[in-house]
Every structure is written in C-alpha cells, then in structure tokens.
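Following: one structure in structure tokens, then a few remarks.
Only the coordinates and a few stated rules stand behind these numbers; no lab work does. On a predicted model such as this, the values are computed, not experimentally measured, just so you know. In this analysis, Cβ positions are derived from the backbone assuming ideal geometry, glycine residues included, and neighbour counts consider all displayed protein chains.
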Amino acid sequence: MDYVNNCLVALTGAIVIFIMLLITADVVLRFFFNSPIDWTLDISEILLLYIPFLTAAWVLKNDGHIRVDILYNMFSPRFRGVLNLLNSFLGMIVFLLITWYGAQVTSDLLSKHILELRLGIPTFAIIVIIPIGSFLLFLQYLKLTLNIFTNQVQGSFSKSSNKSISKK
C-alpha cells in the first residue's frame, strides 16, 4: 500500500509539472504567435481533479491533513484516542460510500458511452479517479482504524496490568 501511494505521489508531481509546462507553452504561444493551445484549459481541469484523489491516502498516512486541535489538546490522551478511533472509523465509512457511489456513476457513464464535449474523451475516464482515490483513502483509513484500535486495546491492557502490579 505504501509503495502504491508513493508511486501515485510521484505521478502527481509529474502531472503538476505537465500542467505547469502546458500552461506556460499556451501563454507563450498565445502571446508571441497568437496561436494558443485550444485544449489547455480542458486538460488542466481534468488533471486538477486527479491531484487530490491520487494523493489523499498518502497525506492521511503521513498525518498531513488539517486538524483543528484547540479543544483536542485539552482532552486526556485516552479520550483523544477514542476521538481518533471514531474519526478514522467514520472516515473509513464515508470513503467506502464514496467509492461505492463513484463506481456506480463510473459504470453508468461507461455503459452510456458519454463523451466530454470539447475533447471527446469518455467521461468515465475522467470520473474513474474518484472511486479509485476514494478506495485508496478507505484502505488507508481502515489501516489507521486497526492501528488505533490495536494501540487502544494494548494500552488498556498495559495500564490495567501496571495498576495491578503497583497495587501489590
């Protein structure tokens, strides 16, 4: 899973560089030769959809998502663990639902052979990143949920055994 996420982050970097070069070429051609690249905006918009879905699982793995911790830091470590478990479990459920619904929409678009208007690209090929990225995020949340749960259970056992040892 980590290898896949790392490869997707590298792919995303290449996509960002491609978008940058494409827009630069479009501006230069438009300014100096009055001949812009017609499909620059369309391709850039499509690729911008891919960026968050290709990198979200990697960001979650590296704990890079934004967190408002004003109240969170005031709670006990045990309660924070419960909140983390609840958060990761809910994230897992939400992204499983998005995966399922995204797969349904993608399948529907594939069966109807709907094309993107300007480029003629099959619309399912644009939308397919939503269930793929959501599934990867679901898997990362599942892994996180299992890790938190395991740590909570081990923490409970070690605390209870430490209390029984200290009472003797």
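Observations on the model:
- Boolean, residue 77 is more than 16 Å from residue 136 (Cβ to Cβ), surrounded by 12 or more Cβ atoms within 10 Å (Cβ to Cβ) and either without any contact (Cβ under 8 Å) to a residue 24 or more places away in the chain or in contact with a Phe, Trp or Tyr (Cβ under 7 Å, 6 or more places away or on another chain) (or both): no
- When residues of segment 31-62 are limited to those that are of a type in the set (Val, Ile, Thr) and in contact (Cβ under 8 Å) with a residue 40 or more places away in the chain, the one nearest to residue 138 (Cα to Cα): 55
- Residues in segment 9-44 that are exposed (fewer than 12 other Cβ atoms within 10 Å of the Cβ) and charged (D, E, K, R): 38 only.
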